[in-house]
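K.L.:
Before anything else, here's the structure in question.
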Amino acid sequence: MMFPFLKTAVTNAFTKPSTEKFPNPEDMGAPAYRGRIVFHADRCTDCGNCVKVCAPKAITRTEEPGEGGKYITRAFDLTSCTFCATCADFCEENSIELSQDYHMVATDPKDLIVSGVTFKKDIAGEITCDLDGCIYCGLCMRNCPQKIITVDRKTKTWEIDHSGCVKCGICIGKCPKKVLSFQ
Amino acid sequence: MFKKLVDNSALKSPWIYHINTGSCNGCDIELVAVLTPRYDAERFGFRLAGTPRHADIVVVSGPITSQSKERLIRTLAQVPEPKCVVSLGSCPRSGNVFKGSYSVEGPLEKYVHVDVSVAGCTPKPEAIMEGLYKAAQILKEKREAMKK
């Protein structure tokens, strides 16, 4: 054959270029890509798990008093984030979501801060357990973000340290016998 | 007239210089991926320069370790004005998971004004392209401001 590359040259002349188009703002990452954080502030219960598990300390929480409760601002600094999604895994209410949006370019770093304001009502009363119905399964102890509940199945004791309670209500939702309540 | 030709050519070929200040190499391989035929930043004139004296855009990756701090300052001083500094990934802006370490002397903002920050750990090559494109536009504005 005289021109060994002729076939390749002709086929390549009619194929699309392998270079990707630019700019392409509609293009999103792969289905499991972890990009810009989306924070649903209305679902947040302010349990504090996300702040605790964040390795680069990218999440900050600020509190402001309001009428009949308090306004809690949670800010996610994307210039500090590792996009490991541990905060999203630990969020009980699924209020943190990592979207496929990877277009995170800014001249002002303030544009790279995702924040949301949650209004948390003041809850009267403290978590109490109706010990008649309690089966001492320990689910409340395991799911408490502040680790203030201690349950012992052998000695049948249920104890709580009220000083550390943030009143997130996760234990009430997890209780299989529905014996926990704010009283 | 000759000067105008040089100025116009310089606008279309913003050369980049990449400095790694203790990065984990994640951002560095993504920056190299930007120059491959698939993303092809060279079609816009971006080209890796061998020395900071030839560069217009400086791309910094890594949290700035004590060992690299002096080199970073020396490199930035060698880049001729107008220059544009791009921070690649989370590390130069905040230190990421390395913040608070005894050997990390970041953030980059302490030493030089950062014009464009690309977030992500690591950013996708498309995002880096966007950042470089923005940097080229800022460079153009800076050149025009210098003329006046």
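K.L.:
Using Cα pairs under 8 angstrom and six or more residues apart, how large is the relative contact order of segment B:1-127, in percent?
P.N.:
27 percent
K.L.:
How large is ³J(HN,Hα), in whole Hz, for each residue of segment A:145-153 in order, when computed from phi with the Karplus curve 6.51 cos²θ - 1.76 cosθ + 1.60 and θ = phi - 60°, using x for Gly and Pro?
P.N.:
x, 8, 6, 10, 9, 10, 10, 10, 6
K.L.:
Another one. Roughly what percent of Cα-Cα pairs across segment B:16-114 reach past 18 Å?
P.N.:
45 percent
K.L.:
So what J values fall out for segment A:21-27 if you push phi through Karplus, 6.51 cos²θ - 1.76 cosθ + 1.60 with θ = phi - 60°, rounded to Hz, Gly and Pro as x?
P.N.:
Couplings: 5, 8, x, 9, x, 7, 5 Hz.
K.L.:
Given H placed 1.01 Å from N in the peptide plane, which residues other than close sequence neighbours of B:Ala49 have an amide H under 5 Å from its amide H?
P.N.:
Here the answer is B:Ile16, B:Tyr17, B:His18, since their amide H atoms fall under 5 Å of that of B:Ala49.
K.L.:
Using every pair of alpha-carbon atoms in segment A:75-181, split the distances into 10 Å bins beginning at 0 and state the percent of pairs per bin, rounded to integers.
P.N.:
Histogram of Cα-Cα distances, whole percents per bin: 11, 34, 25, 18, 10, 2, 0.
K.L.:
Still on this structure: Going by amide H atoms built from the backbone, whose H comes under 5 Å of the H on A:Gly69, apart from near neighbours?
P.N.:
HN-HN under 5 Å from A:Gly69: A:Asp122.
K.L.:
Moving to a separate point now. Would you please name the GluC sites (Glu not before Pro) within segment A:16-92 that are DSSP coil residues with at most 15 other C-beta atoms within 10 Å of their C-beta?
P.N.:
A:Glu20, A:Glu26, A:Glu67
K.L.:
Another question, if that's okay. For the protein assembly as shown, would you read off the P(r) tail past 25 Å as a percentage of all alpha carbon pairs?
P.N.:
Cα-Cα pairs in the protein assembly as shown separated by more than 25 Å: 62 percent.
K.L.:
Can you grab the distance from the C-alpha centre of segment A:118-149 to the C-alpha centre of segment B:13-41, Å, no decimals?
P.N.:
Taking the Cα centre of each part, segment A:118-149 and segment B:13-41 sit 51 Å apart.
K.L.:
Something else: Got the relative contact order for chain A handy, in percent, Cα pairs under 8 Å and 6 or more residues apart?
P.N.:
Relative CO of chain A lands at 22 percent.
K.L.:
Per-residue HN-Hα couplings for segment A:30-41, Karplus 6.51 cos²θ - 1.76 cosθ + 1.60 at θ = phi - 60°, whole Hz, x for Gly and Pro?
P.N.:
4, x, 9, 5, 9, x, 3, 6, 10, 10, 8, 5
K.L.:
For a test of the definition: using alpha carbon positions, the gyration tensor, and the 1.5 limit on a/c, classify segment B:1-69 as rounded, prolate or oblate.
P.N.:
oblate
K.L.:
Turning to a different aspect of this structure: How far is the Cα center of segment B:59-103 from the Cα center of segment A:154-183, in Å?
P.N.:
First find each Cα centre; the distance between them is then 48 Å.
Every read-out reported here was derived from the displayed coordinates using simple, explicitly stated rules and does not represent laboratory data. Worth saying up front: this structure is predicted, and the values here are computed from it rather than measured. Neighbour counts are summed over all protein chains in view; Cβ atoms, including those assigned to glycine, are modelled from backbone coordinates with ideal geometry.
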